[in-house]
Amino acid sequence: MNDHTPTKPSRRGLIKLGLAAGGAAVTGSGALAGAAPQAPTRSAAVVTGRRFKGWVSRGSGPARTTLEELTLRPIAGRQVLVRTEATNLCYSNTGVVLGLPPVLGPGPGGPPPAAGTAARPAAPPAGGGFGRLNAMALIQGHGGVGVVEAVGPEVRRVQVGDRVCVSGTPHCGACYQCLRGRSDMCQFLGRQGPDDLVAMADMRDGTPVYANSHIGGLAEVMVTFEEWVVPVFTKAPAVDLGMVCSCVAVAGLGATTSQGTGILRPGSSVAVVGCGPLGLSAVQGARISGASAIIAIDPIRARRELALKVGATHALDPNVEGDALVAKVRELTKGPNDRLWAGGRDAGGLLGGAGADFVVEAVGADAAAPRAERGPDPTGILPLRQAYEMCAAGGDIVTTSLPRGNITLPAVLFTIGGRTHHAGQAGGCSPMRDIPRFVAMLDSGQYDAKALATTVVPIERMREAYEEVVYRTTATAIMTA
C-alpha cells in the first residue's frame with residue numbers, strides 16, 4: 001500500500017487529533033465540529049423587564065396574599081420564562097395562600113378569616129427556614145401549564161414558543177435518585193429553602209419576589225429552571241391541559257399507570273380512599289390500566305357521584321360504613337369463589353385473600369372545617385390505617401396524602417401481612433417520561449379533564465376559588481391567566 005494513501009482514522013486517533021488541534025473536534029468526514037468543552041461560565045442574561053400581575057404572599061393572617069403588579073428580573077443561565085395559561089389551586093397550598101391559622105392539635109383549622117382583616121406581623125427572618133420563607137414575598141402555587149417566552153442561554157430542554165408543563169416535581173436526570181430510576185424523588189425537590197430561591201421579580205417598592213419551590217403558578221408568568229419544565233406537544237384547551245398536568249392529577253395517574261412504585265396489573269381490584277382531584281385521577285388511571293373493580297371511598301356525595309362518572313364501579317361513604325368499611329371492601333373483592341384449589345380467595349385470617357389488590361390513599365388532614373360532608377377523622381390518620389388494612393395480602397398500597405399525626409398499625413399485619421407500601425411522592429411519576437403520556441391520555445379521550453375541573457376562574461378571582469377548595473365545595477379549581 002502506498003505510504004501516502006489516506007487511511008480511515010480511528011476513534012482514538014480522532015480524539016487525539018482534536019486535542020492536538022487546540023480543542024477542535026473532527027467528525028468522521030474530517031470536518032471541524034466545534035470547539036472542545038470549556039469550563040462552565042455564567043451566561044449572559046436575557047433582559048425582559050416586563051410587567052405582570054401576580055399574587056404575592058408574605059407575613060401572616062388572611063391579608064397575606066395580595067394581587068400585585070410586578071416587574072420581571074432578567075432571565076439567566078438555566079432559567080425559563082413561561083407565560084401562564086392555567087394552574088391548579090392545590091389543597092395543600094390553602095393554608096399559606098389564605099392565611100389559615102396553624103393546626104396544632106388533632107382537629108381541623110378554622111375557616112379563613114375575612115380578607116379585609118389586617119395581617120399579623122411577619123415571622124422574623126431568624127426564626128428558622130419556615131419563618132424566613134414566611135417573611136419573604138412569594139408567588140405561591142405548584143406550577144402549571146403555559147408557553148415559553150424566554151430561555152436562559154444554558155437551557156437545552158425547551159425553546160421559545162414551546163408549550164410546557166411546569167411540573168410540581170423536578171426531573172434533572174443527573175442526581176442520585178434520578179440515576180436510580182426514582183425521578184419522583186429528584187434531589188432538586190429538596191432545594192427550595194430560603195437560601196435556594198432566586199428572586200424573579202420586584203414589587204413597586206423594590207421588594208424582591210420569589211417563586212414558591214422555584215415554580216410558583218399564581219401569576220401571569222412563571223420563572224423556573226429547566227429541570228422543572230416538561231415540553232408537551234398538544235393543542236388541548238388550556239384548562240384541560242392544566243388539569244391533567246396538575247400536581248394532583250400527575251400523582252393520581254402516576255400511582256396507577258406509571259409503574260414507578262407499585263404495578264397495577266390488568267384485572268386487579270382497586271380501592272381509592274379519598275376522591276379529591278388526586279383520588280379521582282387515580283380512579284381514571286385504574287380504569288385506563290384495566291382494573292376489574294374500582295371502589296371509590298369518600299364522605300362527600302358529589303365526589304362519589306363524580307367517581308362513578310369517571311370509572312369507579314362502586315362508591316362507599318366512610319361515614320355510613322363506619323368500622324365495617326374494611327370488611328365491606330373485602331366483601332366486594334372476594335371474587336367469584338372461595339375454593340383454594342380452584343384459584344379462589346377467602347376473606348378470613350391474617351393472610352386471607354380478600355381485599356383490594358391495589359389501594360391508593362389520598363385523604364390527608366383537613367386544613368379547615370369543610371362545608372361539604374365531613375369525613376370521620378380530620379387528621380387523615382383513620383382513613384390511612386383503613387387503607388392499609390383493606391389491602392389484600394400480596395397487594396400494593398400507594399400513599400399520597402399529608403395526614404397529621406402518627407399512625408398505629410397491627411404489628412404482625414405490618415411485619416408479615418404481605419402488604420407492600422409505597423410512599424407515593426408524585427405517585428411515583430417520572431415527569432419527563434410520564435407527563436407526556438398523561439397528555440396523550442387526555443388527547444385520546446382516555447382521561448376526562450373536563451369532569452374534574454369543576455371551578456375555573458381568571459387570575460383576579462383566585463382567592464374566591466381557593467375558598468371553594470379549602471371548604472371542599474368543588475372538586476378541582478383551575479386558575480387561568
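Against the criterion of solvent-accessible heavy-atom surface with a 1.4 angstrom probe, W341, W228 sort, most first, into W341, W228.
Which shape class applies to segment 152-205: rounded if a/c is under 1.5, otherwise prolate when a/b exceeds b/c and oblate if not, where a ≥ b ≥ c are the square roots of the Cα gyration tensor eigenvalues?
Numbers: a/c = 2.38, a/b = 1.34, b/c = 1.78.
Oblate, because a/c is 1.5 or more while a/b does not exceed b/c.
Based on the Stokes-Einstein relation at 20 °C and a viscosity of 1.002 mPa s, and on the Kirkwood radius from alpha carbon pairs, segment 287-392 is assigned a translational diffusion coefficient of 145 µm²/s.
Both the radius of gyration and Dmax for segment 145-280 are 16.8, 60 Å, in that order, over alpha-carbon atoms. Only protein heavy atoms count here; under a 1.4 Å probe, K328 has an accessible surface of about 80 Å². For segment 298-397, the solvent-accessible area of protein heavy atoms averages 46 Å² per residue (probe radius 1.4 Å; ligands and nucleic acids excluded). Of S246, S289, the residue with the largest accessible area leads and the full order is S289, S246 (1.4 Å probe). With no solvent and one equal point scatterer placed on each C-alpha of segment 342-459, evaluate the Debye formula and give log10 I(q)/I(0) for q = 0.18, 0.19 Å⁻¹, two decimals. Debye curve over Cα of segment 342-459, log10 I(q)/I(0) at q = 0.18, 0.19 Å⁻¹: -1.10, -1.14. Taken about its Cα centre, segment 140-275 carries a charge dipole of about 600 debye when Lys and Arg each add +1 at the Cβ and Asp and Glu each add -1 at the Cβ.
A full extension of the chain between A302 and E460 corresponds to an added length of 54.2 nm, given 0.36 nm per residue minus the alpha carbon distance. Segment 417-481 and segment 147-199 have Cα centres lying 20 Å from one another.
G146 sits among other residues whose Cβ lies under 11 Å from its own Cβ, and their net charge, with Lys and Arg +1 and Asp and Glu -1, is -2. Taking a ≥ b ≥ c as the square roots of the Cα gyration tensor eigenvalues, segment 179-242 comes out oblate, since a/c reaches at least 1.5 and a/b does not exceed b/c. Coordinate range of the alpha-carbon atoms in segment 218-360 per principal axis, descending: 59, 32, 25 Å. For the residues T408, T87, a 1.4 Å probe over the protein chains yields an accessible-area ranking, largest first, of T408, T87.
The values are calculated or read from the model by the stated rules, or taken from the named source; none is laboratory data. Because the structure is a prediction, the values reported are computed rather than measured. As a convention, Cβ positions derive from the backbone with ideal geometry for all residues, glycine included, and neighbour counts pool all protein chains shown. To get the accessible areas, we keep the full protein, side chains included, count just its heavy atoms, and leave off ligands, DNA and RNA. Shrake-Rupley method; radii C 1.70, N 1.55, O 1.52, S 1.80 Å.
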